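K.L.:
Following this message is one structure expressed as structure tokens.
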Amino acid sequence: MTQHGDHATPARRSEVRELRPATTNSELSGLGERQLPRDRHQAILEATKRVGAVLKGKGHAFALAGSVAVYAHGGSQNLQHDADFCVRPEDAEAVADTLSEAGLTVYRPPEDWLLKAKCFDQDIDVIFELAHRPVTTDMLSRAQELSVASVRMPVLSPTDLLWSLIAAFSEHHCDFGAVLPVARALREKVDWERVRQDCGDEPMPAAFFFLLERLNVISPRKEAP
């Protein structure tokens, strides 16, 4: 699940950042070769755990985002796509170096708001813009440390997570059906007033808030006196 509304396409071969060959049998050197469960959900969790452990081990500031973050917050979403990690724009290259050194293939897609990697043959998105805004230190400081399949790591707060999904709606990307179950699952953990405020008067987010009100997921916004 990405937060700009469009999935990145694979880069040309010349854009691929080739990693150094692994020379040991350490835990980090075989990230692309280990046999994984056939279940896609479990495979994505395994890749998330490995990448989270690598980033934590190097002391990078980051937060888990997307569908795996929803899962970490208690959502029942079945993982079928990728794992998203947020980092600040100024940290993106250092994070890419860390992942390459750990044995992942890292490459830059045409989109200029993320890097992509492969771990256990699963897609990893390293995102430094959410809904066209740079990931900030404040956003990462609001992340909550949660257990993701027994590995603790920072996870975007429910409020920031829902904002990142709703603010990304546009005339070209308006999949309310994908975000509605997330809003229902996390509604009691979200500061909806802040999400509304941060989304401003954009028409597609406004339409989604109206839908949430009609479905009794959130309360109608109180009119100013």
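The values are calculated or read from the model by the stated rules, or taken from the named source; none is laboratory data. Small disclaimer: the values here were computed from a predicted structure and weren't measured. Virtual Cβ from ideal backbone geometry, glycine too; neighbours counted across all protein chains shown. Each accessible area value is taken on the protein alone, full model and side chains, heavy atoms only, with ligands, DNA and RNA left out. Shrake-Rupley method; radii C 1.70, N 1.55, O 1.52, S 1.80 Å.
K.L.:
What are the residues in segment 199-212 that are farther than 12 Å from PHE169 by Cβ, open to solvent by 40 Å² or more (accessible area, probe 1.4 Å) and modelled with pLDDT of 95 or more, if any?
P.N.:
PHE210 - this is the single residue of segment 199-212 that is farther than 12 Å from PHE169 by Cβ, open to solvent by 40 Å² or more (accessible area, probe 1.4 Å) and modelled with pLDDT of 95 or more.
K.L.:
Shifting gears a bit: Conditions first: (1) under 26 Å from HIS60 (Cβ atoms); (2) in contact with a helix residue (DSSP H, G or I) (Cβ under 9 Å, 6 or more places away or on another chain); (3) open to solvent by 40 Å² or more (accessible area, probe 1.4 Å). SER157 passes all but one, so which condition is the exception?
P.N.:
Condition (3) is where SER157 drops out.
K.L.:
From the set of residues in segment 92-113 that are out of contact with any Leu (no Cβ under 9 Å at 6 or more places or on another chain) and either at pLDDT below 95 or of a type in the set (D, E, K, R) (or both), which is most open to solvent (accessible area, probe 1.4 Å)? It would help to see each step written out before you state the result.
P.N.:
Taking segment 92-113 first, the residues out of contact with any Leu (no Cβ under 9 Å at 6 or more places or on another chain) are 94, 97, 110-112.
After this cut, where a residue has to be either at pLDDT below 95 or of a type in the set (D, E, K, R) (or both) as well, the list is 97, 110-112.
Working: ASP97: 64, PRO110: 87, GLU111: 41, ASP112: 121 Å².
Restricting to residues being out of contact with any Leu (no Cβ under 9 Å at 6 or more places or on another chain) and either at pLDDT below 95 or of a type in the set (D, E, K, R) (or both), the top hit is ASP112.
K.L.:
Return only the number of the condition from (1) crowded, with 22+ Cβ neighbours inside 10 Å; (2) over 16 Å from GLU129 (Cα atoms); (3) among the polar types (S, T, N, Q) that SER147 does not satisfy.
P.N.:
So SER147 meets the others, but not (1).
K.L.:
Within segment 113-142, can you find the residues that are touching a strand residue (DSSP E or B) at 6+ places or on another chain (Cβ under 8 Å), of a type in the set (Asp, Glu) and farther than 24 Å from PRO158 by Cα?
P.N.:
Matches in segment 113-142: none.
K.L.:
Are any residues in segment 97-111 assigned to a loop (DSSP other than H, G, I, E, B) and touching an Asp or Glu at 6+ places or on another chain (Cβ under 8 Å), and if so, which ones?
P.N.:
Across segment 97-111, the qualifying residues are ARG108, PRO109, GLU111.
K.L.:
Being open to solvent by 60 Å² or more (accessible area, probe 1.4 Å), touching a strand residue (DSSP E or B) at 6+ places or on another chain (Cβ under 8 Å), modelled with pLDDT under 95 and farther than 29 Å from HIS172 by Cβ narrows it down to one of GLU18, GLU27, so name that one.
P.N.:
GLU18
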